[in-house]
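The structure under discussion appears below in the form of structure tokens.
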Amino acid sequence: MRWKDKDKLNTLGSLSWRIINDHVTYLISSTADAGWKGVGNTGRICESLMFGVSPTFSGGGDSNAAMIRHIKALSVKDKGFSWLFRDLSRMQKLCLFAAVLAEGRRTIKGRPLSNARIAATLPTFAAELRLGPAHTVPSEKTFANNVSEGRKRFLATLEEELQSRLSEDELKAIA
């Protein structure tokens, strides 16, 4: 997916790319954490939630601290960015997040994922993003339209929010 000015510092494109990446990372982070895979760890997590005891896990390095951070994050419903996506339909949100998540992934032949490939595997991306099932698999054109409209609405909301935080003098300096 092409995101205009995502690498250009101090631009709306750069800020919006960072926000959406952070939000997508938040959505997938707890399922991507390697420490969540063991049945024994699941039991320890449940005990810690029930009794308020900080568990010890048998991982090395910083895995214990990461696990405890994720346990604490279970009580938080979102990272604080979800309101920026309030104007998007469910399908626009799913398609936009899937396109961002697919950025950098490659096919077996080493090519970037096409819109057709992402659209065909949208249920897999929906599960990875924990956004519920995609009830239909959209066509490539429908997927691209949803990504485009979702991105446009997200950028409009972000720009509106940024302008509301500026003073009149700062707005005049920009114009």
Original post:
Using a 1.4 Å probe, how large is the accessible area of Thr124, given in Å² and rounded to the nearest 10?
Top reply: 90
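Pop the C-beta distance of Ser114 and Asp7 into the FRET formula with R0 = 30 Å and round what comes out to the nearest 0.05. The partial results should precede the final answer.
Values: r = 22 Å, r/R0 = 0.73.
Computed FRET efficiency for Ser114 and Asp7 comes out at 0.85.
Gain in length, Phe81 to Asp22, computed as 0.36 nm per residue apart minus the alpha-carbon separation, to one decimal in nm? If you can, show how the numbers build up before the last one.
Details: separation 59, 0.36 × 59 = 21.24 nm, distance 0.87 nm.
Length difference between fully extended and current span is 20.4 nm.
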**OP:** Per residue of segment 80-85, in order, report the coupling 6.51 cos²θ - 1.76 cosθ + 1.60 (Karplus, θ = phi - 60°) as ³J(HN,Hα) in whole Hz, putting x for Gly and Pro.
**Re:** x, 10, 4, 5, 5, 9
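May I ask which of Lys93/Lys172; Lys6/Lys93; Lys6/Lys152; Lys8/Lys109; Lys4/Lys93; Lys4/Lys109 have a Cα-Cα span longer than 24 Å here?
Details: Lys93/Lys172 34 Å; Lys6/Lys93 19 Å; Lys6/Lys152 15 Å; Lys8/Lys109 30 Å; Lys4/Lys93 19 Å; Lys4/Lys109 26 Å.
Listed pairs above 24 Å: Lys93/Lys172; Lys8/Lys109; Lys4/Lys109.
The values are calculated or read from the model by the stated rules, or taken from the named source; none is laboratory data. Just so we're clear, the structure is a prediction, and the values are computed from it rather than from any experiment. Neighbour counts run over all protein chains shown; Cβ positions are idealised from the backbone, glycine included. Keep in mind that these areas ignore ligands, DNA and RNA; they rest on the heavy atoms of the full protein, side chains included. Shrake-Rupley method; radii C 1.70, N 1.55, O 1.52, S 1.80 Å.
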